[in-house]
Protein chains: 4
Amino acid sequence: MMISGEPNNWGRFGPEDQRGTLNLLTPPVVLAALASATEGRVLSLAMPIRGSTSSPAPTTVPHLRGRPLPQHFMSVDGGDYAAGTKPVGAGLRVADDALIVTHHGTTTHMDALCHMWSGDELYNAHPAARVRSYGAGRCGIERVGGVVARGVLFDVPRHLGLEHLPADFRIPAELLREMGPEPQPGDVAIVRTGWPSVWRRSPEEYWSGQPGLSPEAGRWLATRDVAVVASDNAAIGGLDERQLATEALEDDLHLILLHRHGIHLIEMLWLDELSASGRTDFVFMVAPLAIEGGTGSPVNPLVIL
Amino acid sequence: MMISGEPNNWGRFGPEDQRGTLNLLTPPVVLAALASATEGRVLSLAMPIRGSTSSPAPTTVPHLRGRPLPQHFMSVDGGDYAAGTKPVGAGLRVADDALIVTHHGTTTHMDALCHMWSGDELYNAHPAARVRSYGAGRCGIERVGGVVARGVLFDVPRHLGLEHLPADFRIPAELLREMGPEPQPGDVAIVRTGWPSVWRRSPEEYWSGQPGLSPEAGRWLATRDVAVVASDNAAIGGLDERQLATEALEDDLHLILLHRHGIHLIEMLWLDELSASGRTDFVFMVAPLAIEGGTGSPVNPLVIL
Amino acid sequence: MMISGEPNNWGRFGPEDQRGTLNLLTPPVVLAALASATEGRVLSLAMPIRGSTSSPAPTTVPHLRGRPLPQHFMSVDGGDYAAGTKPVGAGLRVADDALIVTHHGTTTHMDALCHMWSGDELYNAHPAARVRSYGAGRCGIERVGGVVARGVLFDVPRHLGLEHLPADFRIPAELLREMGPEPQPGDVAIVRTGWPSVWRRSPEEYWSGQPGLSPEAGRWLATRDVAVVASDNAAIGGLDERQLATEALEDDLHLILLHRHGIHLIEMLWLDELSASGRTDFVFMVAPLAIEGGTGSPVNPLVIL
Amino acid sequence: MMISGEPNNWGRFGPEDQRGTLNLLTPPVVLAALASATEGRVLSLAMPIRGSTSSPAPTTVPHLRGRPLPQHFMSVDGGDYAAGTKPVGAGLRVADDALIVTHHGTTTHMDALCHMWSGDELYNAHPAARVRSYGAGRCGIERVGGVVARGVLFDVPRHLGLEHLPADFRIPAELLREMGPEPQPGDVAIVRTGWPSVWRRSPEEYWSGQPGLSPEAGRWLATRDVAVVASDNAAIGGLDERQLATEALEDDLHLILLHRHGIHLIEMLWLDELSASGRTDFVFMVAPLAIEGGTGSPVNPLVIL
């Protein structure tokens, strides 16, 4: 038997559902951010979503071990027409598909403020008990709307003359401070570790741990009032070989940024081209899918150099 | 038994996989487009993705009849902790989820060039036989990268003093020409029909047909060399009560724009706030998920007024 | 970021995971049940699972309104080979697929004892708080194992000379008693309403309500110690036009049978051939998928006449 | 845009869709098979379907490497009520769920006759071009209906005094012949290799190869006119460390049995309890889900000892 569950709180679709941009990103800040575009070159910072059930293809893209990988299915395709499927009407042919994705740990994604907490409250004292099976009634990813901001890149391995940081490297605040440019309120701070490049060498090595921000570096970014912290690793902070953060609760990067400061996170970026550009500030844009009550969204962040 | 299918053509993930922006959107065009932002206000043009298996919630968002609606599942949530699930480590609590989405006809989305064709060739003579069950080997949505362009709004119902166009209204080119601003090469032309507002009154009426561009209006936009045509209806052109386009093949809007001119399409936009702004040109950005071989992607397009 | 949730309670796979058959179905009862097979003819009582994203096909099979219908995808198929996909090795060709199914309300299925309750306890005082996002830690469908029993058919419309019962008909216990054969402990009682035949005439009429057992009839079956109650309607009891049971809690059929007596339910059977056979007792078998922590399973029940 | 694909061939649901049992399983054969039940004890031969996105639980059940594992989601559960979700009506609480499964290589399943072929024709000259993205128009799993037959067990490792066969062991026909009981037309031949027990020791060892039937043993079973060949390994025949069959096309076990003889296959059985019973013949039953056009189905086969 099927019985309708609790009536949702969201009401009928309409203007009252419209979402805003992040708090710090007021129109003047957005306008100012656009001035960081000097070349007009647009780069995507997303890894491909490579899905299939009949080939090992998705396993060729960096991901955390044990997570269900994206599945992508064609419900009608060119093969069907080759096999004799009749066109629609006078001759239209169509390809259609479906996507199953669990973005955390498997692809470039943005975390909603409901993704992690301690105790009984989410960011800003929203009750965690409102995060239920049918979606987060508080702090869902649909609240983000879209982000247009200045992005500043901390290319740590390039600064240190390395291809990538070692797995146990925890980036000190001091290093961020000396690299510049100093992040301004509302900026998106992008931290490069170079770790995705390890994947091509060996998934096993990729899974052996991950470099990331130190707690003090996280706190320093938080005090700069950045709107978003973004990284090419899987968890902003580092991970051990069990894929877990090892900091104490007080020092956990997700709790510092997401939970205590309401700073959104973007993880598993692809930063090779951005690094090669040599640019350290630019326009940054990200528009998570408006999944109501979602804990995050797969995203394709763009920069304009 | 499971046997690996055809080895994929995509190789290991790496720089060679990186995608570019649409052809017309050269860096100078992008830079020029940014000048259209005068206020700095950011609007999302996406409808919410409202998923659930235990409530009729998704049915409260406009969609075509008969399509599988989005499903959104929480794999761990606040309810589990309320019921006694132990936190991770010293006290971390986490919410995680999964999304199943078939975007055509169900939510705001962008069409890839492999989505529709006639005969045996996709846009630009790519063989349709390369569009297979494991994804489109040609013209997949991952080729888009991201779009940053000037957007120009054709707010047809507002121009005509209507809340929305009638279901059988096919927008003539003449009307677009007289509304201005004239689209420039590389612009994103956004056509508003107002049809989503009908949903709140009655899904049955929403399904009774849809207004859209006339073939000649589609051709006129194509000759303006726009990069993208976007609309708040489901199919750029109009639909009849069976949800089918009724034009002859020669006049089919998808074939005119997508197939013959390689002009990407974005459908099922939410344009109420943009219409209310009174603005007709602005910065437009869309970043489809990099689904390899995808026929399109759910998107959250942004404008900067 | 992804963090492993609570360690599951299920341990590594092994003999300790093996499941048993339902309590009443002791070996002697099973052996005795087999004697009900006199012809050796096997019938399937399942409706087809008809899935597709690009056609309205699934909507041609009876289901409750608003539930997500099954989706079935081919990840490689004959069309791909027609389009040029190379065989595996020396010439093997393979078709592979995936299924997404939410069985309650959409297809022939069996309910687990965790599917419905009132208060804080499942059947037999198992704590409802153990039914969490990662599955039911108590009373999941994997506990069933398999059912082999005598089945007895109450073909109510045939008894009354009707094609199907009216939507508001609630079958009285008296009617079951007078129809015979009297169910014995361990039997599977199958109740036919004929309602699926309405679907072909009109889905709207199918959704206008459903006939079903009256509370007293449910109680009578419970006192007969049947192992399973099965029906061709969607909820054993009747439904109103909102697809809800209208009985008070005390009289709710799911609570009477599933919650208070631990009697499993099977719903949405296809009984036309069984009815036409004229047989009222036979061997009945059902083997739900061993979905750990599942609230039920799609099933294909068989009878041997 | 969404356009309905090719109209399906299946028509509206009705009696004309009803499926039959396998050819050899005539009513007299079924009746005779039931005589093999002497104790009345029912055993399930299925491995659990263990799904989750937030835990590595599914990885604790034997499966082939690289296949997408089952995903199981609760759309409403006891945790939601613990967190404050209101009951339905006067106090009903409900748990509901969804399952995503790609059964080949991940769980106990039955292969349809459309699952594998060579050349352009399926079994019995059905055109392979009818196996398309929206399902197999020929030889789909829904054609099986249900199987009730005598099962005979070839417990090869027990016969040889081993816990399990070595990875490179290919069972010769001679061994089957000497073990008895000789399979009769319409029997289900169950071949035990013991390989699943390796999983508990080491998934890596499980993936290092698999023992299975030799081609001549497959041919011998085919000449015995068995209705089904079932096994606890993943592919009836053996696999190498790449999880591929290494026989030439002429000798491929799937082609011998499924393609040339129309003998259905069941793979990834759990046979420990059956082996421990010491029984070699019994009643065997399997009822695949009636997935229209499916290449197979997850199943929970039962035996009655």
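The values are calculated or read from the model by the stated rules, or taken from the named source; none is laboratory data. Values in this document were obtained by computation on a predicted structure and should not be read as measured data. A quick note on method: Cβ atoms are made from the backbone with ideal geometry, for glycine too, and the neighbour counts reach across all protein chains shown.
Inspect the range D:214-234 for any residue being in a loop (DSSP other than H, G, I, E, B), within 12 Å of another protein chain (Cβ to nearest Cβ) and closer than 17 Å to D:R67 by Cβ and give the result as yes or no. Taking every residue of the range D:214-234 in turn, at least one turns out to be in a loop (DSSP other than H, G, I, E, B), within 12 Å of another protein chain (Cβ to nearest Cβ) and closer than 17 Å to D:R67 by Cβ. Summed over the range C:145-160, the residues that are more than 9 Å from every other protein chain (Cβ to nearest Cβ) and either touching a helix residue (DSSP H, G or I) at 6+ places or on another chain (Cβ under 7 Å) or over 22 Å from C:G237 (Cα atoms) (or both) give a count of 8. In the set (1) away from chain D (no Cβ under 13 Å); (2) without any contact (Cβ under 8 Å) to a residue 12 or more places away in the chain, C:E267 fails one condition alone, (2). Of the residues making up the range A:87-102, just one is more than 9 Å from chain C (Cβ to nearest Cβ) and more than 29 Å from D:R130 (Cβ to Cβ), namely A:V101. No other residue among A:A37, A:A46, A:A32, A:A57 is of a type in the set (A, V, I, L, M, F, W, C) and more than 7 Å from chain B (Cβ to nearest Cβ) apart from A:A32.
Any chance the range B:282-304 includes a residue that's away from chain A (no Cβ under 13 Å) and of a type outside the set (S, T, Y)? The answer is no, given that none of the residues of the range B:282-304 is away from chain A (no Cβ under 13 Å) and of a type outside the set (S, T, Y). Taking the criterion of being of a type in the set (G, A, S), part of a loop (DSSP other than H, G, I, E, B) and touching a residue at least 40 places away in the same chain (Cβ under 8 Å), the residues of the range C:197-210 that qualify are C:S208, C:G209.
Against the definition (touching an Asp or Glu at 6+ places or on another chain (Cβ under 9 Å), under 24 Å from B:G294 (Cβ atoms) and buried (at least 16 other Cβ atoms within 10 Å of the Cβ)), how does B:A222 come out, yes or no? So that I can check it myself, show each step before the final result.
Details: touching an Asp or Glu at 6+ places or on another chain (Cβ under 9 Å): no; under 24 Å from B:G294 (Cβ atoms): yes; buried (at least 16 other Cβ atoms within 10 Å of the Cβ): yes.
Criteria not met by B:A222.
Before we move on, is B:L258 under 25 Å from A:I291 (Cβ atoms), within 12 Å of chain A (Cβ to nearest Cβ) and out of contact with any helix residue (DSSP H, G or I) (no Cβ under 6 Å at 6 or more places or on another chain)? Taking the combined requirement at face value, the residue does not satisfy it. Listed by first and then second residue, the pairs with beta-carbon distance under 8 Å, at least 6 apart or on different chains, first residue in the range D:167-196 and under 20 Å from D:L258 (Cα atoms), second of a type in the set (S, T, Y) and part of a loop (DSSP other than H, G, I, E, B), are D:R170/D:S214; D:I171/D:T193; D:I171/D:S214; D:P172/D:S214; D:A173/D:S214; D:G186/D:T26.
Taking the conditions exactly as written (outside any loop (DSSP other than H, G, I, E, B), more than 11 Å from chain A (Cβ to nearest Cβ) and surrounded by fewer than 24 Cβ atoms within 10 Å (Cβ to Cβ)), does B:R279 satisfy them or not? No; evaluated as a whole, the condition is false for this residue.
For A:T85, the criteria (1) closer than 30 Å to D:K86 by Cβ; (2) touching a strand residue (DSSP E or B) at 6+ places or on another chain (Cβ under 7 Å); (3) surrounded by fewer than 24 Cβ atoms within 10 Å (Cβ to Cβ) hold in every case but one, which is (1).
Residues in the range C:74-86: is at least one within 14 Å of chain A (Cβ to nearest Cβ) and either at positive phi or at pLDDT below 90 (or both)? Scanning the range C:74-86 turns up at least one residue that is within 14 Å of chain A (Cβ to nearest Cβ) and either at positive phi or at pLDDT below 90 (or both). Scan the range A:140-148 and tell me whether some residue there is over 24 Å from B:A57 (Cβ atoms) and in the same structural domain as A:T38 (by TED's automatic domain parsing). Among the residues of the range A:140-148, at least one is over 24 Å from B:A57 (Cβ atoms) and in the same structural domain as A:T38 (by TED's automatic domain parsing), which makes the answer yes.
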